[in-house]
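I have placed the structure first, in the form of structure tokens, so that the comments after it can refer back to it.
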Amino acid sequence: MKGNEIRRKYLEFFKSKGHAIIPSASLMPENDPTTLFISSGMQPLIPYLMGEKHPDGKRLVNSQKSFRSGDIEEVGDNRHNTFFEMLGNWSLGDYFKKEQLNWVFEFLTKELKIDPKRLYVTVYSGNKEIGVERDNESVEIWKEIFKKHNIDSRNYDNSETEGMRDGRIFYYGDNKNWWSRSGEPANMPVGEIGGPDSEIFYDMGAELKRHENSEWKDKPCHVNCDCGRFIEVGNSVFIEFIKKEDGFKALKQKNVDFGGGLERLAMVSEGKDNVFETDLFINILKKIEELSGNKKYRDNMKAFEVIADHMKGATFIMGDDKGVAPANVDQGYIVRRLIRRTIRFGQQLGITKSSWTKEIARIIIDDYKEAYPELNRNAEFIINETEKEEDKFMKTLVKGEKMISNDKMDGKAAFNIFQTYGYPVEMTKEIVAERGIKLSHEFDTEYNEAMKKHQSLSRTAAEGKFKGGLADQSGETTKLHTVCHLLLESLKRVLGDHIHQKGSNITAKRLRFDFSHGAKMTDEEKDRVEKQVNEAIQADYPVSFEEMSLKEAKKIGAEGVFESKYGDKVKVYSVGDFSTEICGGPHVDNTNKINGVFKIKKEQSSGAGVRRIKGILE
Ligand code: SER
């Protein structure tokens with residue numbers, strides 16, 4: 001079955017089980033300063049998993065756009081992608097293990113017609129230290145399910161050392177069957193949520209050549225051994241815990257977070273051993289063949305995969321309604337890296353045509369515009385920016401490559417090449433490795449120091465900094481979130497109705513708020529805005545929300561920025577009669593809880609027609 005059909009079937013299947021279909025949230029997180037991109041389905045839903053009421057109810061289903069920048073260099077192994085679609089179904093304190101495991105199995109075997117004999121499952125073996133039991137409940141449910149299919153279902157521990165024997169259900173510990181955004185329980189920061197999970201694996205077949213000749217050939221095979229024989233096709237996470245200072249505590253509600261990568265499901269369902277040969281990539285591969293004078297994918301797998309993957313990632317990031325253009329900082333830097341890396345691999349394939357990357361972007365827009373209409377809305381932007389970026393890079397490509405010295409390479413030189421020619425440092429490192437040149441001992445330190453000196457670039461290339469980073473859900477962050485609403489309304493009152501929110505980014509210590517305005521604010525304007533916000537804080541306004549249709553929300557004049565992430569119904573938060581705004585929450589319940597004095601620390605430009613305020617509570 002084709003990827004596009006699987007997506008539709010999945011949404012319909014869970015709709016028939018009482019779930020509301022919700023659209024994908026933006027790829028760029030909101031009110032979450034610690035990750036550059038959404039990298040799992042649960043991230044945009046965290047407030048609801050923690051107990052906020054979701055306007056569409058307690059059962060949700062979606063296909064979430066996700067991007068993992070940490071995987072940029074993994075691409076090329078047949079199953080890693082930077083951009084992928086995560087099919088997800090959600091119980092927000094509603095159904096739990098029994099319904100979940102039965103439904104997912106039914107979906108895989110009845111709807112996708114996957115042979116149940118090829119499916120194996122894992123469950124959490126428990127951890128006394130954190131007070132979480134072995135998940136015998138899931139084992140019992142799995143046993144019943146397999147029995148219905150006349151499949152033996154012995155369960156075993158220790159398959160890492162003893163192999164699978166004739167088992168069907170396997171226990172694993174913290175590092176495999178616990179899910180949170182930062183991995184196992186020990187790595188979770190205070191305030192983060194997670195829980196045990198149960199994964200489903202598909203058996204690609206013992207005859208797989210990759211297994212026989214690989215480093216794995218003399219080791220016991222088991223579902224998690226990464227030899228390539230088994231591929232994970234779905235993960236049901238039972239999000240029921242939050243980490244507190246003094247250990248793990250039960251959340252207000254027991255949630256289910258199921259995630260299944262669409263590309264992998266398509267691969268299994270289409271009987272392919274490679275995600276790139278599914279319908280989700282095949283048109284892109286055909287285009288690359290054509291552009292490269294008929295080179296074949298099977299003979300040039302890595303280059304084809306990098307180009308296909310990277311252009312898809314870049315297209316979706318630019319094509320988001322909060323889309324960003326290639327740049328030297330933050331998300332824009334990732335887009336730049338993706339397009340530039342595409343061009344280098346295109347050269348390896350001998351592609352000489354100019355402006356070819358936009359032709360690939362065009363294919364991606366056409367393949368996906370039905371499922372993600374924002375790509376069509378933003379098509380012109382995607383095509384123009386891709387073309388501009390390719391032009392820019394081509395102008396300096398040769399010069400830059402020449403600058404890369406042929407003996408030792410130090411971090412400062414790499415920074416200069418980045419500065420002058422726009423060579424992402426990761427790419428310089430790759431070229432250096434290809435030529436067999438050594439990096440200086442202190443390469444990273446040198447690079448970072450050069451970078452620090454160059455002040456405006458202080459956040460460049462810092463994706464490492466964001467890896468596994470987390471939005472905290474502390475009270476301080478919530479307070480500043482409510483302050484953002486007061487700030488937006490105050491800006492409107494002081495500067496005028498042209499003010500709209502363009503983005504926000506909140507930590508426990510400060511808020512950052514972008515808004516549409518053409519000029520620098522005067523000191524007097526800043527004072528007036530601060531005064532409005534502080535008066536609102538002191539007015540003891542109650543904060544409450546109401547659910548309504550998007551249409552009604554617009555009618556009552558509620559502010560709303562990122563509409564594409566909302567379903568039919570939205571939550572509208574009111575702060576007394578001071579402000580009304582479409583928002584997912586969370587907020588304090590009364591402005592007196594803010595308990596501080598708002599201060600604007602900085603007001604500066606943040607792009608054409610956009611200003612940025614940094615503010616704190618004193
Ligand atoms: N959050 C889990 C994952 O990303 C399941 O959706 O695997």
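The values are calculated or read from the model by the stated rules, or taken from the named source; none is laboratory data. Being a predicted model, the structure only gives us computed values, none of them experimental. Note that we place each Cβ from the backbone using ideal geometry, even for glycine, and neighbour counts take in every protein chain shown. Note: accessible area is taken over every heavy atom of the protein model, side chains too, but ligands, DNA and RNA are not part of it. Shrake-Rupley method; radii C 1.70, N 1.55, O 1.52, S 1.80 Å.
Summary of computed values
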item	result
Identity of the residue in the stretch 22-78, open to solvent by 40 Å² or more (accessible area, probe 1.4 Å) and closer than 21 Å to G319 by Cβ, that ends up nearest to the ligand (Cβ to nearest atom)	R68
Within the stretch 501-517, tally of residues that are assigned to a loop (DSSP other than H, G, I, E, B) and either modelled with pLDDT of 85 or more or of a type in the set (K, R) (or both)	3
Of all residues making up the stretch 7-21, the number that are within 16 Å of the ligand (Cβ to nearest atom) and not in a helix (DSSP H, G or I)	1
Residue selected from the stretch 435-474 under the condition closer than 30 Å to A536 by Cβ and out of contact with any Lys or Arg (no Cβ under 8 Å at 6 or more places or on another chain), by the criterion modelled with the lowest pLDDT	A471
Verdict on P116 being out of contact with any Phe, Trp or Tyr (no Cβ under 6 Å at 6 or more places or on another chain), at pLDDT 95 or above, surrounded by fewer than 17 Cβ atoms within 10 Å (Cβ to Cβ) and not small (G, A, S)	yes
Residues of the stretch 240-272 satisfying the condition of being open to solvent by 40 Å² or more (accessible area, probe 1.4 Å) and either within 12 Å of the ligand (Cβ to nearest atom) or closer than 19 Å to K65 by Cα (or both)	R264
Failed item in (1) modelled with pLDDT of 85 or more; (2) acidic (D, E); (3) open to solvent by 40 Å² or more (accessible area, probe 1.4 Å), with E552 passing the rest	(1)
Subset tally (residues that are charged (D, E, K, R), within 23 Å of T315 (Cα to Cα) and over 20 Å from the mean Cα position of the chain (by Cα)) for the stretch 1-21	3
Residues being open to solvent by 10 Å² or more (accessible area, probe 1.4 Å), part of a helix (DSSP H, G or I) and in contact (Cβ under 8 Å) with a residue 40 or more places away in the chain - total across the stretch 280-302	5
